[in-house]
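The values are calculated or read from the model by the stated rules, or taken from the named source; none is laboratory data. All values reported here derive from a predicted model rather than from experimental measurement. All Cβ positions, glycine included, derive from the backbone under ideal geometry; neighbour counts span all protein chains shown.
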């Protein structure tokens, strides 16, 4: 026997999943645009993050991540499936698959393409009506590190390229008149 449809409960569920997903998206965008304020907004004040290379509170983690990614020419973090399980109106857990590309350089300064794929295992908390990541554990599933080929960009110098620290088109949106 099916239970009666409760539109209010369904809307609360939908809104929670939407807001949790938005926190996950803010985190990823903050990484790629080197925007520490945006990245930090994804975490609760008592958050704890373990990415393998470091573990600590949200402020320490954001400082670490921003510093590490700032040494790279560019990054792109992509989300795969996001699974969210709501426990009640203030707590949830989830797992987010990701693939991340990092434009890095070897010791001689030659460009490299570093790919990392894995999962974020998360706990979420809702406080004062705002869902945030409360606990995050990064699991690395695979890594690939190859010499980069920038021939396309050399052959197509007018290609619209990504930017960081407020220089990306998506941040400036300087449309022609």
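Would you call residue 127 surrounded by 15 or more Cβ atoms within 10 Å (Cβ to Cβ), closer than 30 Å to residue 86 by Cα and at pLDDT 95 or above? So residue 127 fails the test.
In the set (1) more than 16 Å from the chain's Cα centre (by Cα); (2) surrounded by 14 or more Cβ atoms within 10 Å (Cβ to Cβ); (3) more than 17 Å from residue 137 (Cβ to Cβ), residue 29 fails one condition alone, (1). Per the listing 143, 121, the residue uniquely under 24 Å from residue 60 (Cβ atoms), loosely packed, with under 13 Cβ neighbours inside 10 Å and touching a strand residue (DSSP E or B) at 6+ places or on another chain (Cβ under 6 Å) is 143. Among the residues making up region 94-116, those that are part of a strand (DSSP E or B) and over 22 Å from residue 164 (Cβ atoms) are 94, 95, 96, 97. Answer yes if at least one residue in region 151-170 is part of a strand (DSSP E or B) and either in contact with a helix residue (DSSP H, G or I) (Cβ under 6 Å, 6 or more places away or on another chain) or loosely packed, with under 15 Cβ neighbours inside 10 Å (or both), and no otherwise. Within region 151-170 (the criterion being part of a strand (DSSP E or B) and either in contact with a helix residue (DSSP H, G or I) (Cβ under 6 Å, 6 or more places away or on another chain) or loosely packed, with under 15 Cβ neighbours inside 10 Å (or both)), the answer is no, since none of the residues qualifies.
So that you can scan it fast, the table gives a plain yes or no per residue for (1) out of contact with any helix residue (DSSP H, G or I) (no Cβ under 6 Å at 6 or more places or on another chain); (2) touching a residue at least 24 places away in the same chain (Cβ under 8 Å):
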| residue | (1), (2) |
| --- | --- |
| 38 | no, no |
| 42 | no, yes |
| 51 | yes, yes |
| 60 | yes, no |
| 65 | yes, yes |
| 70 | yes, yes |
| 75 | no, yes |
| 93 | yes, yes |
